[in-house]
Amino acid sequence: GPQVRHTQTSGVDYTDFQTDGDGYLTIAPSGGIISLSGQSAVSVYLGSNQDITASTITKLVLDTEVYDVRSEFDSATNYEFTATEAGKYLICAQAQFISLDTNDDLRLMVYVNGSSAIEERTEANNAVQQALQCMNVLDLSVADVVDLRVLNNTGGDRLSAGQRFTFLSITKLH
């Protein structure tokens, strides 16, 4: 297919741009690293401890943003990400449960459009605190809504605040 080479003024660094028969663009910089500065990327976390009620699916109040490249996360009212472009998104989440009871049945769930799309589950087994993590790559469409929820089927608990403890990050891969 057609190919274009862009060479910087030093004459050493270059980037090749090539399209294939299906119209896909391949970018090959001489240094091997491609930066997509406008790509969707969000990192948010729980700004203060959050109580959760026993046997109730609870949406997390992810009210503190580390970054939100395309302003896709509502950290003020709905605590959710709304995709502005279709594509494959890497979703990583963690919830740190504290104030646990014996044998608490804990779940961490990533919801897409009101349904669980990724879920992690464990039994606390006399732990004082327990962190659950989950991640996956999901196909999202324009206007798909992603949020983070938890459930404790056997008791009420509290989630620990802070960027290291309870967070959600979403990055568009392509």
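Please list the non-local residues whose amide H lies under 5 Å from the amide H of Ala86, H modeled 1.01 Å from N, same-chain partners needing a gap of 5 or more.
The answer is Val142.
Would you mind calculating the gained length between Val66 and Asp51 on full extension (0.36 nm times residue separation, minus the Cα-Cα distance), in nm to one decimal?
That works out to 3.2 nm of additional length.
Post the alpha-carbon centroid distance, the range 128-165 to the range 69-112, in whole angstrom.
5
Taking a virtual spin label 7 Å from the Cα of Glu123 along the C-beta vector, which residues in the range 131-165 bring their backbone nitrogen under 15 Å of it?
153-155
Express in nm, to one decimal, how much length is gained between Ser116 and Ser99 on full extension, taking 0.36 nm for each residue of separation and deducting their alpha carbon distance.
Contour length minus Cα-Cα distance gives 3.6 nm.
None of the figures in this text is laboratory data; all of them are computed from the coordinates on show. Everything numeric here is computed off the predicted structure, so don't read it as measured data. When we count neighbours, we look across all protein chains shown, and the Cβ atoms used for this are built from the backbone with ideal geometry, even at glycine.
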